[in-house]
1. Looking at A:GLY254, A:GLY242 in this structure, which one is away from chain B (no Cβ under 12 Å) and at negative phi?
2. Looking for whichever is more than 13 Å from chain B (Cβ to nearest Cβ), assigned to a helix (DSSP H, G or I) and among the aromatic types (Phe, Trp, Tyr) here; the options are A:PHE237, A:PHE224. Which one fits?
3. Could you say whether any residue in the range A:183-206 is surrounded by fewer than 20 Cβ atoms within 10 Å (Cβ to Cβ), over 23 Å from the mean Cα position of the chain (by Cα) and modelled with pLDDT under 85?
4. Restricting the search to the range B:229-265, which residues are more than 10 Å from chain A (Cβ to nearest Cβ) and at positive phi?
5. Pick from the range B:34-62 the residues that are part of a helix (DSSP H, G or I) and of a type in the set (D, E, K, R): which of them is nearest to B:GLN118 (Cα to Cα)?
6. Has the range B:308-317 got any residue that is within 31 Å of the chain's Cα centre (by Cα), surrounded by fewer than 24 Cβ atoms within 10 Å (Cβ to Cβ), in contact (Cβ under 8 Å) with a residue 60 or more places away in the chain and outside any loop (DSSP other than H, G, I, E, B)?
7. What residue, among those in the range A:369-389 that are in contact with a helix residue (DSSP H, G or I) (Cβ under 6 Å, 6 or more places away or on another chain) and of a type in the set (Phe, Trp, Tyr), is modelled with the highest pLDDT?
8. Free of Cβ contacts under 8 Å to residues at least 60 places away in the same chain, over 23 Å from A:THR322 (Cβ atoms) and acidic (Asp, Glu): is that true of A:GLU212 in this structure?
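The values are calculated or read from the model by the stated rules, or taken from the named source; none is laboratory data. Here the structure is a predicted model, which means the values were calculated and not measured. Positions of Cβ are generated from backbone atoms using ideal geometry, with glycine treated the same way; all protein chains shown enter the neighbour counts.
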Amino acid sequence: MLFIAFIVGKGRAISIRAKGLKMHSQPDQYGWFVTLYTGLPAMMVGVVGVFLSLFGVASIPPLMLIGAALALAAFSLYGLSVKMNEKTKARDLVENFIKGLLLLAAFISIITTFGILFSIVFEAFHFFQRESFIGFVFGTTWDPDSAFLAGAGRGHEDVAAAKFGAVPIFAGTFYITAIAMAVAVPIGLLSAIYLAEYASDKARNRIKPALEILAGIPTVVYGFFAAITVAPLLVNFFRSLGIDASFESALGAGIVMGIMIIPIIASLSDDVISSVPNNIRNGSLALGMNKAETIKFVVLPSAMPGVIAAVLLGVSRALGETMIVVMAAGLRPNLSWNPLDDMTTVTVKIVQAMVGDQAFDSSLTLAAFALGLVLFVVTLIINVISVYLIRSFHKKYKVSNL
Amino acid sequence: MKQNDYFYIPQIKKRNQKAAAFKGLAAAALATSLAFLGLFLFDMVRQGLPALKQAYVKVDIAITEATLQNPYAEFDRESLAIISRAWVRGLPQMIEENPQWIGTTQTLWALAAAETDQYMKGKQNRLRENQIQIVEKLKSDAKIELRFNKIFFFTGDSKIPENAGFFSAIMGSVLTMLVTMVIAMPIGIMTAIYLEEFAPDNRLTQLIEININNLAAIPSILFGLLGLAIFINFFGVPRSSPLVGGMTLALMSLPIIIVSSKAALKSVPDSIRQAGFGLGLTRWQIVKDHVLPMALPGMLTGSIIALAQAIGETAPLIMVGMIAFVPDAATSIFEAATVMPAQIYTWSGMPEKMYIEKTAAGILVLLTILLSLNTVAIFLRRKYMKKW
């Protein structure tokens with residue numbers, strides 16, 4: 001159909017030109033013009049029809065839908081080919097059409113963000129209508145058993161009322177994140193310093209892809225590694241010291257998460273350190289500082305905003321990381337300082353609430369959305385800060401390769 | 001002598017030592033991170049390689065009509081512990097495919113049970129003493145052997161560990177990725193073209209740009225919440241299907257594709273655009289005929305990297321139910337399916353020891369795919385990268 005439209009449009013343009021009239025655009029462009037504006041109404045009908053049947057407003061048989069779309073296309077094709085003459089600005093019209101289409105695509109990213117925000121806020125709001133907000137933020141007991149049973153259709157069974165105190169969950173999240181950062185920041189930052197300041201170009205070009213491989217490994221693989229290899233190692237190690245460790249310890253999950261974050265921090269800090277201008281280094285060296293001192297007292301302080309931004313991005317990755325903690329950190333909300341205990345995180349609780357056969361509007365499911373809201377807000381704030389820091393670094397040194 | 005040297009600084013030795021120590025520390029840190037990578041890959045290969053082999057046992061069966069009804073009756077208790085129940089269950093079907101077998105005694109290679117298999121590979125197992133003796137006897141009679149594990153690559157998941165395969169997960173991943181790419185690539189590239197070539201520098205454009213940067217940094221699990229709340233609960237897309245998984249992942253990989261496509265468009269020098277305007281072309285004509293062909297390899301590279309990331313993504317897919325138990329490979333995007341990382345996650349939670357090596361083997365398959373995708377991306381980048 002569209003092909004026919006193209007042929008018709010082009011043919012008509014050629015015939016007009018053959019009459020010796022001066023035209024606004026080339027024949028091909030008339031072809032495209034007719035094609036696009038023939039297709040548009042038909043597509044609209046199709047999309048609207050699909051949406052209607054998806055929403056369950058009206059069930060339209062697919063054949064009728066296609067028929068309607070084709071009829072409309074034929075109608076608009078006829079109208080266009082009759083109306084088209086040498087004054088039609090086909091080129092500009094095509095241009096506008098494309099521009100509109102591209103703008104529409106660009107809007108999808110906005111729709112997505114608002115979709116996430118809206119869906120989470122909406123469901124979290126439902127949750128806070130049922131449970132108290134204060135209890136959620138300050139309560140120290142997370143015991144949603146009765147909500148779980150209610151959600152599974154067994155609400156009448158006699159158990160204690162559900163408690164949604166999220167403090168132990170937040171504590172576990174931050175604790176594991178802290179362990180991860182304790183592993184990742186020193187190793188990542190020092191690796192970046194070596195790559196940017198000491199390594200030869202050749203070595204740098206080889207090592208950076210290797211780090212990128214480390215960054216590209218799926219987190220479920222890290223989770224397996226944490227559960228199968230790291231956890232038994234830790235347990236055996238601490239047993240030999242006479243300390244009892246849980247197989248699902250915060251330490252194991254934290255260490256592996258740290259390994260996961262090393263390449264993020266290393267790669268970003270490396271970019272930042274490399275873009276510190278050379279004249280600062282030369283000035284320092286000329287004053288008699290040796291290389292290590294130059295790095296420590298001159299390069300690093302200048303790169304600091306960028307390095308902090310890299311660390312913050314690492315933190316936000318660690319907070320939102322799911323698979324490693326699901327597989328290696330345990331399910332029990334546990335308010336404890338002992339890194340060898342099992343702990344749980346926000347993401348684990350979200351997954352746990354969603355995987356079971358829970359009714360969608362049960363308190364447990366809604367609690368997961370409330371946790372998701374907290375996660376969203378916290379990571380968003382961290383990201384905004386880190387973007388701001390990178391911007392300020394930009395401005396300071398006028399580098400544009402970040 | 002030192003007193004006469006004007007350049008002598010008393011602390012110099014200490015300072016140089018400190019500098020050397022710092023350099024050593026940095027080198028050690030880098031070595032540690034690379035060692036992690038090495039240890040990690042080594043560990044996966046060590047755990048995963050045994051799963052490429054599978055033990056088979058040679059058995060003689062007198063096949064009668066009764067075998068069709070109750071294949072378990074043909075075996076005594078000892079051999080049932082050694083041979084896989086899944087294989088015995090499939091026996092009647094095999095006989096139906098070969099009706100001439102009835103009334104004869106056939107020598108068949110039967111799939112060994114998980115514990116037998118683990119014993120043959122020298123791993124921890126739960127065989128009892130007398131069973132070990134039987135297996136040892138079979139071994140000395142050459143009636144048991146390790147063969148290439150076809151089941152792993154050509155069948156779907158199973159609750160019986162020796163019969164569990166990765167195929168349905170691979171198919172699920174392929175379908176999901178198809179959906180993801182069909183949605184994310186056009187939208188991503190179109191957005192990038194708009195932002196880079198058409199957009200006026202106003203509030204709206206800035207809003208879109210900030211949004212994209214934020215989207216890239218949102219934890220993936222929140223995309224899962226979105227998929228659950230909007231796609232499944234609101235639009236009624238079938239749960240666990242590659243369609244809903246693909247749509248969720250498409251939203252996730254959009255920012256990656258947009259950012260890399262924008263970078264690719266940016267690397268096309270402005271002189272080309274100005275030459276086009278000079279000849280009286282419209283923006284779209286310039287973009288379509290001149291800028292896009294030059295930026296395409298870069299866009300493709302970005303899309304491949306986004307694809308690689310989407311393949312390994314697990315958390316959002318778990319949220320939309322793609323950890324369903326799927327014994328048969330899905331053939332359409334509306335059926336329930338599982339994907340590779342989700343299958344890995346499911347297997348890693350299984351209590352049977354044999355699932356560990358299956359999990360590791362699944363990880364090896366996944367990593368191989370990811371590495372080859374990344375290699376293709378790097379190759380494309382090297383081949384088409386131009387210095388202007």
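1. A:GLY254
2. Within the list A:PHE237, A:PHE224, the selection yields A:PHE237.
3. Among the residues of the range A:183-206, at least one is surrounded by fewer than 20 Cβ atoms within 10 Å (Cβ to Cβ), over 23 Å from the mean Cα position of the chain (by Cα) and modelled with pLDDT under 85, which makes the answer yes.
4. Within the range B:229-265, B:SER240 is the sole residue that qualifies.
5. Among them, the one singled out is B:ARG46.
6. Yes: one or more hits.
7. Among those residues, the one meeting the criterion is A:PHE376.
8. no
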